[in-house]
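*Asks:* For reference, the structure I am asking about is given below.
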Amino acid sequence: MKLPILTIALSLSLFAVSCKEKTASGKENTTTAENVSGNIKTEELKTEINGVTHRSFAAYNADIEGKLPVVFVLPEWWGLNDYVKNRVKQLAGLGYYAVAVDYYGDQKVVETPEEAQKLASHFYNIPVDARRMFDAAKHQVSLAEKSDYSKMAIIGYCFGGAQALNMARLSSDFKGVVSFHGNLETGIRAKNNKVKYLVLNGAADSFVPKEEIAAFKKEMDSAKIEYKFVDYPDALHAFTNPDATATGKKFNLPIAYNKEADEKSWNEMKTFLAEIFK
């Protein structure tokens, strides 16, 4: 995610920890919104960009015949970690061809907030590179045997949530976009009104201030975009991350896992995807 310019320098290290995939004990993050089910197969979609191999992670249920609607999953700024891969498998279990986009290359997962900020900020500062990176992954999906390229959606978490909104703002190729606790104000304005939006936000998330929410809604209304904005009462930042509470206590951060918000937001997404892919 991206913080307002005036506060990013002060908040960088605190905010970064809230999106980390491991707790202080080193245990890997797990996802509890839904168990993975079905005969899940995984594959890598490789593409070369400026000498770097980007290996997006895809999954699908091999028991389902024919082509499947595509759901892109854009990761936190820590990279293509186990948390986002598990989300991809969960979506595959729901009957989608799900793909986590490898923004950094070689499925890189960073360990420090400084490195994460350095890599992620590039895509905020130069949006055309974010678009180029995503389009390269999208092209590989178009070649995948199981993907139905005529039915595509994007979801994202934190940094990925902001990037998902931007891709929807810039292209009408998608049926819908879902942001989980992502920043809403990125400097890019919607250029089309064909994509449906679902924004899932923690009502107590101090990293997404009320002013940013108001500006986002004004942008959507001005562009006549169909959207749904859901606030989860008492939910702090990173409410879908099961390790957020322990991380928040260790680093004295206003973040916490919220089981109810996690499950409700996942169900909102499930309903949304089912409707747009009718």
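Values in this text are rule-based calculations from the coordinates and carry no lab data. Computed from a prediction, not measured in an experiment: that's the story for all the values here. Heads up, the Cβs are rebuilt from the backbone with ideal geometry, glycines too, and the neighbour counts pull from every protein chain shown.
*Asks:* Between Ser150 and Asp221, what length in nm is gained on full extension when 0.36 nm per residue of separation is reduced by their alpha carbon distance?
*Replies:* Values: separation 71, 0.36 × 71 = 25.56 nm, distance 2.66 nm.
Contour length minus Cα-Cα distance gives 22.9 nm.
*Asks:* Let me ask another. Relative contact order for the chain: what percent, with Cα pairs under 8 Å and sequence separation of 6 or more?
*Replies:* Relative CO of the chain lands at 19 percent.
*Asks:* Need the full-extension length gain, Ser37 to Lys278, defined as separation in residues times 0.36 nm minus the C-alpha distance. One decimal, nm. Please report the intermediate quantities before stating the final value.
*Replies:* Values: separation 241, 0.36 × 241 = 86.76 nm, distance 2.21 nm.
Once the chain is fully extended between Ser37 and Lys278, it gains 84.6 nm.
*Asks:* So if I take the centroid of the Cα atoms in region 29-107 and the same for region 126-174, what is the distance between those two points in Å?
*Replies:* Each part reduced to its Cα centre gives a spacing of 13 Å.
*Asks:* Could you please rank Asp234, Asp173, Asp243, Asp102, placing first whichever residue has the fewest other Cβ atoms within 10 Å of its Cβ?
*Replies:* Asp234, Asp173, Asp243, Asp102
*Asks:* So if R0 is 45 Å, what FRET efficiency would Glu114 and Glu65 give, r being the distance between their Cβ atoms, rounded to the nearest 0.05?
*Replies:* It comes out at approximately 0.45.
*Asks:* Are any of the pairs Lys224/Lys259; Lys89/Lys270; Lys175/Lys224 more than 23 Å apart by Cα-Cα distance, and if so, which?
*Replies:* Values: Lys224/Lys259 33 Å; Lys89/Lys270 14 Å; Lys175/Lys224 16 Å.
The pairs that break the limit, which is 23 Å between Cα atoms, are Lys224/Lys259.
*Asks:* Looking only at Cα atoms, what is the convex hull volume of the chain per residue, in Å³?
*Replies:* With only Cα atoms used, the chain gives 114 Å³ per residue.
*Asks:* Next question. Give me Leu200, Leu253, Leu80 ranked fewest to most by other Cβ atoms within 10 Å of their Cβ, as a rough exposure proxy.
*Replies:* Sorted ascending by nearby Cβ count, the order is Leu253, Leu80, Leu200.
*Asks:* Pop out the ³J(HN,Hα) list for region 228-243 in order, Karplus 6.51 cos²θ - 1.76 cosθ + 1.60 with θ = phi - 60°, rounded to Hz; leave Gly and Pro as x.
*Replies:* 10, 10, 10, 9, 9, x, 6, 7, 8, 4, 6, 5, 8, 8, x, 8
*Asks:* Determine, from the Cβ-Cβ distance of Asn192 and Ala246 and an R0 of 51 Å, the FRET efficiency 1/(1 + (r/R0)^6), rounded to the nearest 0.05.
*Replies:* On the way: r = 41 Å, r/R0 = 0.81.
It comes to 0.80.
*Asks:* Can you sort Ser171, Ser37, Ser179, Ser121 from fewest to most other Cβ atoms within 10 Å of each residue's own Cβ?
*Replies:* The most exposed by this proxy come first: Ser37, Ser121, Ser171, Ser179.
*Asks:* In deg cm²/dmol and to the nearest 500, what is the mean residue ellipticity at 222 nm of the chain if only DSSP H runs of at least 4 residues count, each as -39500 (n - 2.57), divided by the residue total?
*Replies:* -12000 deg cm²/dmol
*Asks:* Top mean-square fluctuation among Asn241, Asn252, Asn50, Gaussian network model of the chain, C-alpha springs under 10 Å?
*Replies:* Asn50
*Asks:* So for the chain, taking the charge dipole from beta-carbon charges (+1 Lys/Arg, -1 Asp/Glu), which of Phe180, Thr245, Trp78 sits furthest toward the positive end?
*Replies:* Working it through, the farthest residue towards the positive pole turns out to be Phe180.
*Asks:* Same structure again: For the chain, modelled as a Gaussian network with Cα springs under 10 Å, which listed residue fluctuates most, Gln140, Gln90, Gln163?
*Replies:* The residue with the greatest mean-square fluctuation here is Gln140.
*Asks:* Let me ask something else about it. Using a 10 angstrom cutoff on alpha carbons, build the Gaussian network for the chain and name the most mobile of Gly161, Gly105, Gly187.
*Replies:* Judging by the Gaussian network model, the answer is Gly187.
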